[in-house]
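Report on one structure; see the data block that follows.
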Amino acid sequence: METLNIASLQKAVAGEYAAIRRVTRLEPQGDKVFPPTYEGGEYADEVRQVRAGNGTVQTVKTVLLDSVQSQANRMEIALLRAYDNGRLKMPMLQVDFAGDGQDSILAEIGRITALEAPHRMCDAIFWDSVHDAKPFRKSIVGERLNGAKAGNATPVFELCPTALLFGFWDSNKYQRASGAKVQRALVSEIVGYDSVCGKRTSSRIDPLQIESGVEFYAKRGGGWTFDKAEAATNKDEKPIVLKPSQVIHGNIMPSFRHEDEKTKKQVLNHGGVTLAYAVQHTVLSLAALRRLRFPLEGVIKSEVDHAARTVLAALGLAAICFLDEDGYDLRSRCLLDGKPGTIQFVGRGEASDFSLDAKGAAELLAQAAEEAKRLDLPWSEEPITLQPSPDLSRLVVESRRRSMTASAGA
């Protein structure tokens, strides 16, 4: 199997293939795995149709182990780690909250990049930051994003190219954003097949044998006390009475259920699932990249478009390969393992295999970026650093302090 080179990638992006695909079969490392839970403590389970090796179609119960959004976030963090370690170079939009370090809360936050912000370069964090003493989206750099769209992707390519891979929606009703959308081109998810939900008990045996009938009080400033004079009070100015279980003392009877903190209803404990196997499906749509246009000074040239799309394809491959190095430890008690599947170009009913690792993907990205820069596409390898506005800094600090105060008084 040949290692992918820049010439083959350029041909594929130009129209030879529709997508880059990889299917990786994974095995649970342990008897059970625990999927993510959604509102109400539910797993995202469903019945899917699966084509067997002999061509027959079967219906199989499945459960989502890692969503498209979660996989995108993992890829972004893998790219950020590679960027910070100097293993690849790319544009980086970031906000420096630390400043001179005088405010300990802001210093603790440090730097937030577009690879970490939930809505990438369209996130409120960037809207509420400044560049060269101007609101970001009114600065010389940020104002370019106001006209960004699929037919004018050059500003996004310059500031946050990963948004053209993972998609964005420039929506902020309070800031009168353009509302432009670009679809995801890189999609990945991990699904467990032949899933069976399990049960889990919760219990606690207290070695001190503290009885539940003993009463005491919540203490002002945190903790608990037997002294009424030190007790926190409710809105009726009466001491708040506690039970041993509320301060994690006493026995807890074995149970399949627990009280949901929001609804206060009894719900089943998350019991995990057993699986036959899991599969990671990853697709980088070259067709989606070909919808993007990259005008320079208002002029569209096919060779410029092609160069920018090739950079994005290489960046997508780097995201896939660098994520491989992180493995598949998705969350507590959800460890999977397996040999990464073969990467393929697919199109017109045909597939062509190739090999690639993280180092090779970074080299492809560097080569593609050089060609893009030769054609005057903006591809800065120096970060663009914003500062939080005074109001955003105040919002963060006051919110954190309030949270700390509430925690101390709980």
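Structure notes:
- Selection of segment 1-43 for residues being in a loop (DSSP other than H, G, I, E, B) and either of a type in the set (D, E) or touching a Phe, Trp or Tyr at 6+ places or on another chain (Cβ under 6 Å) (or both) yields E2, L4, Y17, D31, P35.
- Scope segment 141-174; condition aliphatic (A, V, I, L, M) and assigned to a loop (DSSP other than H, G, I, E, B); matching residues: V141, A148, A150, A153
- Filtered residues of segment 316-344 (kept if of a type in the set (A, V, I, L, M) and more than 25 Å from G272 (Cβ to Cβ)): L317, A318, A319, I320, I343
- Some residue of segment 330-349 being in contact with a Ser or Thr (Cβ under 9 Å, 6 or more places away or on another chain) and of a type in the set (S, T, Y): yes
- Restricting segment 369-404 to residues that are of a type in the set (D, E) and out of contact with any Pro (no Cβ under 8 Å at 6 or more places or on another chain), the residue that is nearest to P91 (Cα to Cα) is E382.
- Residue, nearest to A366 (Cα to Cα), within segment 284-335, restricted to residues that are outside any strand (DSSP E or B) and of a type in the set (F, W, Y): F322
- Only one of the numbered conditions (1) free of Cβ contacts under 8 Å to residues at least 40 places away in the same chain; (2) out of contact with any strand residue (DSSP E or B) (no Cβ under 9 Å at 6 or more places or on another chain) is not met by I105, and that is (1).
- Just one of the listed residues (G151, G142, G192, G167) is closer than 21 Å to T310 by Cβ and crowded, with 17+ Cβ neighbours inside 10 Å, namely G167.
- Residue, surrounded by the most Cβ atoms within 10 Å (Cβ to Cβ), within segment 34-49, restricted to residues that are free of Cβ contacts under 8 Å to residues at least 60 places away in the same chain and under 18 Å from L275 (Cβ atoms): A44
Every number here is computed from the coordinates shown, using simple stated rules; none is lab data. None of the values given here were measured: they were computed from a predicted structure. Backbone-built Cβ (ideal geometry, glycine too); neighbour counts: all protein chains shown.
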